[in-house]
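Written below as C-alpha cells is the structure these notes are about.
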Amino acid sequence: MEKYCLACGTLITGRIDKKFCDHYCRSEFNNSINKGKNMWMRKINKILNRNKLILEKFVARKKLSLTVDILTAAGFDFRYYTHQETDEEDMKYIFCYEYGYRIEKGKEVRLKKVSSLEE
Ligand SMILES: [Zn+2]
C-alpha cells in the first residue's frame, strides 16, 4: 500500500508506519494543527479583552448606569462574556472577568466590579 506524507503529499518510502517524509514535514504539520487550535482562543480572547477594557473604562469613570447603545457604540460585543453570577439580591450579572453587567428593561445597563471570584 502506498503512503503519502501528511504534510506535503509526497510518496513515502521506507518504514510502513511512517506518516511524514522527514522531521521538517512532521513539525510543519504539527505547527499547523496548533495554529488552528489556538486561532479560536486568540480570536475570542481578543474580543473578551476588549469587552473587559470597555467596562473597566466606564467603571473607572464611575459611570455605572448606561445603555446597551452606549456600550455597543464603544465597541462592546454582547455575544462574548466569561461567566454569569447571581448576587445576594438574586440579580443575575454577566461578566467579562471581574466586570459584571446586567441589562434592565432591555436597554439599560448596570455595571459593577467584583473584587473576588466566587467558586
Ligand atoms: Zn513531506
Fill in: Criterion (loosely packed, with under 13 Cβ neighbours inside 10 Å and at positive phi) met by exactly one of 36, 75
75
Discussion item. So, residue 62, is that one farther than 17 Å from residue 111 by Cβ, without any contact (Cβ under 8 Å) to a residue 12 or more places away in the chain and more than 16 Å from the ligand (Cβ to nearest atom) or not?
Written reply: no
Discussion item. Please verify whether residue 77 is within 24 Å of residue 40 (Cα to Cα) and either modelled with pLDDT under 95 or not β-branched (Val, Ile, Thr) (or both), treating the condition exactly as stated.
Written reply: yes
Fill in: Of residues in the stretch 13-25 being surrounded by 13 or more Cβ atoms within 10 Å (Cβ to Cβ) and either within 8 Å of the ligand (Cβ to nearest atom) or within 30 Å of residue 80 (Cα to Cα) (or both), the one nearest to the chain's Cα centre (by Cα)
25
Worksheet item: Of these, 90, 22, which one is over 30 Å from residue 8 (Cα atoms) and modelled with pLDDT under 95?
Response: 90
Worksheet, complete the sentence: Of the conditions (1) surrounded by 15 or more Cβ atoms within 10 Å (Cβ to Cβ); (2) touching a residue at least 12 places away in the same chain (Cβ under 8 Å), the single one that residue 102 does not satisfy is (2)
Practice prompt. Evaluate the stretch 41-58: report whether one residue or more is part of a strand (DSSP E or B) and modelled with pLDDT of 95 or more.
Written response: no
Worksheet item: Within the set of pairs 6+ apart or on separate chains, which have a first residue in the stretch 5-21 that is small (Gly, Ala, Ser), a second that is part of a loop (DSSP other than H, G, I, E, B) and surrounded by 18 or more Cβ atoms within 10 Å (Cβ to Cβ), and C-beta atoms under 7 Å apart?
Response: 7/20
Fill in: Whichever residue in the stretch 82-99 is among the hydroxyl-bearing types (Ser, Thr, Tyr) and under 22 Å from residue 62 (Cβ atoms) and, among such residues, is surrounded by the fewest Cβ atoms within 10 Å (Cβ to Cβ)
97
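The values are calculated or read from the model by the stated rules, or taken from the named source; none is laboratory data. Just so you know, these numbers come straight off a predicted model, no measurement behind them. Ideal geometry is used to build each Cβ from the backbone, glycine not excepted, and the neighbour counts take in all protein chains shown.
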